[in-house]
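Chemist: Before I ask anything, here is the structure I am working with.
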Amino acid sequence: MQSSGHRLRDVEQHQPLLSGGEEEVAASRVWFIQDSCGMVCAFVTWFLVMYAEFVVNFVMLLPSKSFWYSLINGVAFNFLAVLALTSHLRTMLTDPGAVPKGNATKEYMESLQLKPGEVIYKCPKCCSIKPERAHHCSICKRCIRKMDHHCPWVNNCVGENNQRFFVLFTMYIASISLHALCLSGFHFFTCIKVQWNECSDFSPPVAVMLLIFLCLEALLFLTFTAVMFGTQIHSICNDETEIERLKNEKPTWERRVRWEGMKAVFGGPPSLLWFNPFAGLRLQVLMVRARKNGAEFSV
């Protein structure tokens, strides 16, 4: 006798939960969750990155007498910061894999033409047919395919469609945090040698306070994002979401481990596109449509 998970896959193959037209609409739709806590956390994230940009550029690099030192580090830091913020936007504005709400109607169930013994699951909270490995998010108010967790810092769930961008976000934030720590250490050492006379356009007390806060921010961000990056890579390589690990769910699906899992998340064999948060981005006119439980932007 087949397990419920295998029976659900048979149903999805027989009649997909999303029709072709609906899949195209979901792929082109920009997603946004109107959660006050998440929006505040997302704003704080951008504010702290902008603060790091200000201190690195205007306190440390521009006053430097070494042109090449300022140029190389400035280009590298700002380039990584742009990639980090782009990854954050893609994570926040990408539909993580939401199941259509309210599709578990009697008419739709009859249209599936289920055979005797075939089992599907219905989510009582959003009244949708619940695919295998989907979990309901109380903040997004939707069932999310391969939901890993809901992250307030990106104001979105991390799921099937945006996990790649979340991994890039943690990687680039960890990179600029480490870079900022190295620059701050070198700047402190240089300024102590010249007694802060010519190393900054700001007064010594102000420069020291700005650098201390930057170091604390960078150390905190580096620790948090490095741990999250490692956790995400481990989950991808084991084809197991954080929710599945915490619930100790036994896999009823065929696991794609190590490189197969990485290729499934990042799309295709290893290439530089894996590290590009702009990949697949289409710049079109955005039309805002108000929704009851959030806002969705049609692209």
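The values are calculated or read from the model by the stated rules, or taken from the named source; none is laboratory data. In this text the structure is predicted, and so the values were computed from the model without any measurement. Note that we place each Cβ from the backbone using ideal geometry, even for glycine, and neighbour counts take in every protein chain shown. When the accessible area is computed, the model is the full protein with side chains, heavy atoms only, and any ligands, DNA or RNA have been set aside. Shrake-Rupley method; radii C 1.70, N 1.55, O 1.52, S 1.80 Å.
Chemist: Skipping prolines and chain starts, which residues have an amide H placed within reach, meaning under 5 Å, of the one on THR94, given they are 5 or more residues away or on another chain?
Modeler: Under 5 Å from the amide H of THR94: TRP31.
Chemist: A further question follows. To the nearest 10 square angstrom, what accessible area does THR105 show with a 1.4 Å probe?
Modeler: Accessible area, nearest 10 Å²: 50 Å².
Chemist: Filter the cross-link list LYS122/LYS247; LYS106/LYS250; LYS122/LYS250 down to pairs whose alpha-carbon distance in this structure exceeds 24 Å.
Modeler: LYS106/LYS250
Chemist: How much accessible area per residue does region 55-165 have, counting only protein heavy atoms and a probe of 1.4 Å, in square angstrom?
Modeler: Using a 1.4 Å probe on heavy atoms only, each residue of region 55-165 averages 45 Å².
Chemist: When the accessible area of region 191-275 is computed with all protein chains present and a 1.4 Å probe, what percentage of it is carbon and sulfur?
Modeler: Accessible surface attributable to carbon and sulfur in region 191-275 totals 66 percent.
Chemist: Considering Cα pairs under 8 angstrom that are at least six residues apart, work out the relative contact order of region 77-218 and quote it in whole percent.
Modeler: Relative contact order comes out at 26 percent.
Chemist: Further, regarding this structure: Can you give me the long-range amide H partners of ARG142? Hydrogens built in the peptide plane at 1.01 Å from N, cutoff under 5 Å, separation of 5 or more residues or another chain.
Modeler: CYS137
Chemist: Residue-wise, which Karplus ³J(HN,Hα) couplings in Hz belong to region 236-244, taking 6.51 cos²θ - 1.76 cosθ + 1.60, θ = phi - 60°, and x for glycine or proline?
Modeler: Couplings: 5, 5, 9, 6, 8, 6, 5, 5, 5 Hz.
Chemist: Convert each backbone phi in region 150-166 into a coupling constant with the Karplus relation 6.51 cos²θ - 1.76 cosθ + 1.60 (shift: θ = phi - 60°), then list the ³J(HN,Hα) values in order as whole Hz, x for Gly and Pro.
Modeler: 9, 10, x, 5, 10, 6, 6, 7, 9, x, 4, 8, 10, 4, 4, 5, 5
Chemist: Can you order the peptides 236-249, 91-104 by their average number of other Cβ atoms within 10 Å per residue, highest first?
Modeler: Those peptides, ordered most packed to least, come out 91-104, 236-249.
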